[in-house]
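S.K.: Handing you this structure, nothing more for now.
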Amino acid sequence: MKRGRRKPSRRPDGTRINEYIRVPEVRLFDENDQMIGIVPIAEALRQARESEVDLIEVVPGAVPPIAKLMDYGKFQYEKKKKERDARAKQKSTETKSLQVKIGTGEHDLNLKAKRASEWLKEGHRIKLDLYLRGRSKYLDQNFLQSRLDRLLHLLTTDYKIATPPKKSPKGLSVILEHSSRPKTPEGEKKEISAEKAEKTKPEINQNHENQ
């Protein structure tokens, strides 16, 4: 706030500055974020004029409101910079798409698995499509599942199946999510095998006793 070139009292973003701050007193800070103290609004405005800066209400909801002595242009620059930094730190979760074919080679498969592992680690979901065309759409489902498993076996990030494999316009699709617990095709097969063994155990013991 230069002498003789006073800025309007209210800015387009709603920030109250200078005479538009109509409260009895404010908790006043200087440009270096050092607290001056709780002062009457008239005193705060006087200090702003003497320092040739603006009086900016930075926390209107506080009791009393918090105000700062600084140039409004600098205040806006720092505010926008903080907002940009905050947006940059936010991790937006997306659903990434990845496509493999029945005959995808090992090299390409490894590259796709590496990319999928990175996406999962970043927190993204993955829609994995097994692309099928023509008569390949009618192949045995176990065989098609084994084609998907080729890539799933190569993932280095723990995952869980959010949506089981099902038919889609491209062929066969499955949706994966990051998981803190390992969930791989091998792990699933071990669980299934253990379950089967548990179910058949009494029957085996029964046969043994009858012999």
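The values are calculated or read from the model by the stated rules, or taken from the named source; none is laboratory data. Not measured: the values here are computed from a predicted model. Note: ideal-geometry Cβ built from the backbone for every residue, glycine included; neighbour counts use all protein chains shown. Heavy atoms of the whole protein, side chains included, go into the accessibility calculation; ligands, DNA and RNA do not. Shrake-Rupley method; radii C 1.70, N 1.55, O 1.52, S 1.80 Å.
S.K.: Taking Ser117, is it open to solvent by less than 70 Å² (accessible area, probe 1.4 Å), part of a helix (DSSP H, G or I) and without any contact (Cβ under 8 Å) to a residue 40 or more places away in the chain?
M.R.: Numbers: open to solvent by less than 70 Å² (accessible area, probe 1.4 Å): yes; part of a helix (DSSP H, G or I): yes; without any contact (Cβ under 8 Å) to a residue 40 or more places away in the chain: no.
No; evaluated as a whole, the condition is false for this residue.
S.K.: Let me ask something else about it. Filter segment 15-47 down to the residues that are modelled with pLDDT under 90 and closer than 17 Å to Gly73 by Cβ, then identify the one that is least open to solvent (accessible area, probe 1.4 Å).
M.R.: Only one residue tops the list, namely Thr15.
S.K.: Conditions: (1) of a type outside the set (S, T, N, Q); (2) modelled with pLDDT under 90; (3) open to solvent by less than 40 Å² (accessible area, probe 1.4 Å). Leu128 meets all but one. Number of the miss?
M.R.: (2)
S.K.: Also, quick follow-up: Quick one: in segment 88-103, which of the residues that are of a type outside the set (S, T, N, Q) and modelled with pLDDT under 75 is least open to solvent (accessible area, probe 1.4 Å)? Even if it seems obvious, please write down each step before you answer.
M.R.: The initial filter retains those residues of segment 88-103 that are of a type outside the set (S, T, N, Q), namely 88-89, 91, 94, 96, 98, 100-103.
Pick out the ones that are also modelled with pLDDT under 75 and you get 88-89, 91.
Values: Ala88: 83, Lys89: 165, Lys91: 164 Å².
Applying the filter and picking the extreme gives Ala88.
S.K.: Same structure, new question: Given (1) surrounded by 13 or more Cβ atoms within 10 Å (Cβ to Cβ); (2) assigned to a helix (DSSP H, G or I), identify the lone condition not met by Ile161.
M.R.: (2) is the only condition that Ile161 fails.
S.K.: Restricting the search to segment 48-67, which residues are part of a helix (DSSP H, G or I) and surrounded by 16 or more Cβ atoms within 10 Å (Cβ to Cβ)? Step through it out loud before you land on a result.
M.R.: Pass one, segment 48-67, residues part of a helix (DSSP H, G or I): 48-51.
Listed by number, the list holds a single entry, Ala48.
Yes or no, residue by residue, for (1) out of contact with any His (no Cβ under 9 Å at 6 or more places or on another chain); (2) within 30 Å of Leu130 (Cβ to Cβ); (3) hydrophobic (A, V, I, L, M, F, W, C):
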| position | (1), (2), (3) |
| --- | --- |
| Gln34 | yes, no, no |
| Arg49 | yes, no, no |
| Ile56 | yes, no, yes |
| Asp71 | yes, no, no |
| Tyr77 | yes, no, no |
| Ala86 | yes, no, yes |
| Thr95 | no, yes, no |
| Val100 | yes, yes, yes |
| Gly105 | yes, yes, no |
